[in-house]
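Each remark here refers to the structure printed beneath this line.
The values are calculated or read from the model by the stated rules, or taken from the named source; none is laboratory data. Model, not experiment: these values are computed from the prediction. Every residue, glycine among them, receives a Cβ derived from its backbone with ideal geometry; neighbour counts consider all protein chains shown.
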Amino acid sequence: MSKAQIWALIVFGTLLLLIGSFVSDILFYLGLILIGAGLYLGLRLGGILRKEQVLDSWGMLIENGQGKFNEIFKDTEDFIKESKAPSLGIRKEKMSPGIIGSFFSAKRDFLMVKDQQSSMLSPYQIFINARDYGNNLDVSWYLTYRPSLFEALLLLFRPGASSIALSELDLFELQDLTAYTTVCHHSTLKSVGKLMLALDQDPSKIERKSKGFLGIS
């Protein structure tokens, strides 16, 4: 559902609310329902206003790496823990796109990494994935940002508010975000390099630079 459709529900619901307050209780409550539906569809997790924005990413295919995803998950998690990066929480979860997708779509395993100390960094998460792709192994990570309810309301009422993702971070917070993203990136690279050596492949061919705002290498 687009922002325009959400606005249509809210505006139409408001009109019914106003008309119903003078004419009919049914129209009044129908207006409330439409306003509530519009706000719910926009502000719920995964809704158009709270979709995760990808700020930075990296990925590669390991030829003939089919079936080796557990090695990538285990080694990457071990390397992150060995770095002793402070306040990072790591967990493995099966994920699917959206609420409807959770019932009907195939789920994929991700390592989820998040800073557990800073409230300003809590909207940021790193998702690390390894999955079979034909005879190959597709390895990737994504640094994402999910707006809070307040920021989602700004997105609804203020055009161009999507740039809020990194603009609210001060120098120290941006430094911490860059540092823990780099730890995750290097840990993923090390696990990929380890697997490539086991497959008699050359790790020097790995494209190390990420794509996005941070551009980590």
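General observations
- Among the residues making up the range 193-209, those that are on the phi < 0 side of the Ramachandran plot and either crowded, with 22+ Cβ neighbours inside 10 Å or of a type in the set (Asp, Glu) (or both) are 202, 207.
- Matching residues, the range 165-217, being of a type in the set (A, V, I, L, M, F, W, C) and within 15 Å of residue 54 (Cα to Cα): 165, 166, 177, 213, 214, 216
- Remark: pairs (first residue in the range 180-203, under 13 Å from residue 65 (Cα atoms) and charged (D, E, K, R); second residue modelled with pLDDT under 95 and part of a helix (DSSP H, G or I); Cβ separation under 9 Å; 6+ apart in sequence or on different chains) = 194/203.
- Applying the criterion of being out of contact with any helix residue (DSSP H, G or I) (no Cβ under 7 Å at 6 or more places or on another chain) and closer than 23 Å to residue 209 by Cα to the residues of the range 133-150, the residue that is modelled with the lowest pLDDT is 144.
- Out of 153, 88, one residue alone is modelled with pLDDT under 90 and farther than 18 Å from residue 192 by Cα. It is 153.
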